[in-house]
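Okay, structure first, notes after.
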Amino acid sequence: MRLSELFTKTSKTVPADEEARNAQLLIQAGYIHKEMAGVYAYLPLGLTVLENIKQIVREEMNAIGGQELAMSTLQPRDIWEKTDRWDDAKVDNWFKTKLKSGTELGVGLTHEEPVVDALAPYVNSYKDLPVLVYQIQNKFRNELRAKSGLLRGREFVMKDMYSFARSQQEHAEIYEKIAGAYHKVYARLGIGDITYRTVADGGYFTDKFSDEFQTVSDIGEDVIYLDKAKKLAVNKEVYNDDTLAKLGLKREDLVETRAVEVGNIFPLESKYTDALNVYITNENGKEKSIIMGCYGIGISRLMGVLAEHFADDKGLAWPASVAPAEVYIARVGVSAEVVKFADELYKSLTESHIGVLYDDRDVRAGEKFADADLMGIPLRIVISDKTVTNGQVELKARTSNETELLTREELVSRLAS
């Protein structure tokens with residue numbers, strides 16, 4: 001992408017209507033556009049980051065046998081009534097709408113009921129299980145406190161997975177396999193060392209404990225008690241002597257800290273499959289309940305967490321795994337030699353499948369460098385009359401103050417490797 005062709009522009013002005021640092025930076029850098037509180041549009045660079053996060057999640061879900069599907073956003077009332085979750089007294093933070101006929105519909109907040117309904121024609125025998133299905137989809141939540149940028153939205157992007165097992169033992173094995181995949185996701189995103197599996201309340205999904213994945217952060221809304229040695233934490237909502245005893249944790253080993261929830265997994269037992277009358281027959285031909293689990297990762301929330309966690313006083317600083325480009329080329333000067341060198345390098349890198357943002361604008365060098373820092377691209381390459389004279393480029397990492405001079409061949413070889 002040439003910046004001269006990109007319709008978005010950076011801004012030095014901090015949005016007055018945003019309290020959250022992640023939203024401020026993403027708006028200033030031209031990654032997102034605020035439609036209203038808790039609702040954001042993803043502009044070209046922001047969409048690329050979002051898609052990169054999705055792809056990491058998708059790869060890890062596929063690696064453990066997940067099958068991707070796409071459920072509808074509009075949901076029929078009757079299946080939610082069967083599970084006793086339609087009443088606002090039970091689930092009060094989702095949007096509902098009506099057809100012209102007066103028929104009420106739900107606007108997707110979660111998909112336990114629709115997934116069970118969709119699988120019902122295909123799951124009849126014990127031979128049909130286990131099944132793991134997931135989707136990556138926009139969700140809608142009637143959020144009262146949409147003040148944290150991408151961390152708490154009314155419309156957000158989420159990966160939700162559902163497992164169907166023949167027994168509690170099989171469910172437990174699947175559950176742990178998915179927990180392991182979550183740890184791989186966070187490691188690939190660069191936050192694996194500060195993200196912990198955290199015991200929490202099951203909410204309206206289950207009367208058992210659930211497991212959250214909490215990233216330690218000063219901006220977190222949750223308080224957790226962390227045993228760093230065991231890499232396990234307890235959410236404040238279930239922090240008591242009984243919980244600690246069940247987990248084999250000691251109060252003196254725990255550190256209180258703030259954190260952001262970036263994922264959760266829930267054991268569901270057979271609550272939803274039984275309510276919707278979906279069963280399997282076992283080896284003896286007898287009817288048997290199906291054991292479910294559900295597993296969520298907030299894709300857009302992760303984008304906000306990464307934006308805020310890796311930022312500094314100059315702007316964003318994306319990890320290479322999700323950045324919208326690997327390299328930012330800052331062309332300094334408009335001489336024929338500089339333009340030719342920069343254009344050829346841009347062509348060479350793109351042909352080598354290296355993501356590039358090429359700043360070919362006729363603006364001051366300082367403005368280009370400031371934009372490179374604000375946008376948070378991992379590597380910056382400067383091409384100027386001075387570097388071209390020596391047949392070199394200046395390379396600098398976003399998070400380093402050190403620069404080095406490389407020939408074009410040395411640069412392409414290093415990036416390609």
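The values are calculated or read from the model by the stated rules, or taken from the named source; none is laboratory data. All values derive from a computational prediction rather than experimental measurement. Methodologically, a virtual Cβ is constructed for each residue, glycine included, from the backbone with ideal geometry; neighbour enumeration extends over all protein chains shown.
When the residues of the range 365-405 are filtered to those that are in contact with a Lys or Arg (Cβ under 9 Å, 6 or more places away or on another chain) and surrounded by fewer than 17 Cβ atoms within 10 Å (Cβ to Cβ), the one that is farthest from residue 313 (Cα to Cα) is 391.
Being surrounded by 15 or more Cβ atoms within 10 Å (Cβ to Cβ), within 25 Å of residue 274 (Cα to Cα) and at pLDDT 95 or above is true for just one of 42, 126. Which residue is that?
Selected residue: 126, the only one of 42, 126 that is surrounded by 15 or more Cβ atoms within 10 Å (Cβ to Cβ), within 25 Å of residue 274 (Cα to Cα) and at pLDDT 95 or above.
Looking at the structure I just gave you, is residue 54 assigned to a helix (DSSP H, G or I) and either under 29 Å from the mean Cα position of the chain (by Cα) or closer than 20 Å to residue 143 by Cα (or both)? Spelling it out, residue 54 is indeed assigned to a helix (DSSP H, G or I) and either under 29 Å from the mean Cα position of the chain (by Cα) or closer than 20 Å to residue 143 by Cα (or both).
Tallying residues that are basic (Lys, Arg) and surrounded by 24 or more Cβ atoms within 10 Å (Cβ to Cβ) within the range 279-333 yields 2. Among residues of the range 51-65 that are farther than 16 Å from residue 306 by Cα and in the same structural domain as residue 191 (by TED's automatic domain parsing), those with a Cβ under 7 angstrom from a residue that is hydrophobic (A, V, I, L, M, F, W, C) and in a helix (DSSP H, G or I), sequence gap 6+ or separate chain, pair up as 60/181; 60/185; 61/181; 63/181; 64/178; 64/181. Where strands (runs of 3 or more DSSP E) sit wholly within the range 315-417, those with at least 1 residues that are more than 22 Å from residue 1 (Cβ to Cβ) and either among the acidic types (Asp, Glu) or free of Cβ contacts under 8 Å to residues at least 60 places away in the same chain (or both) occupy 392-397, 403-407.
Would you call residue 131 surrounded by 18 or more Cβ atoms within 10 Å (Cβ to Cβ), within 18 Å of residue 278 (Cβ to Cβ), β-branched (Val, Ile, Thr) and touching a strand residue (DSSP E or B) at 6+ places or on another chain (Cβ under 9 Å)? The answer is yes for residue 131.
Here residue 290 passes the criteria (1) closer than 21 Å to residue 112 by Cα; (2) modelled with pLDDT under 95 except the one numbered (2). Cβ-Cβ distances below 7 Å connect the following pairs, each with a first residue in the range 197-208 that is within 19 Å of residue 291 (Cα to Cα) and modelled with pLDDT of 75 or more, a second residue that is in a loop (DSSP other than H, G, I, E, B) and small (Gly, Ala, Ser), and a separation of six or more residues or different chains: 208/202.
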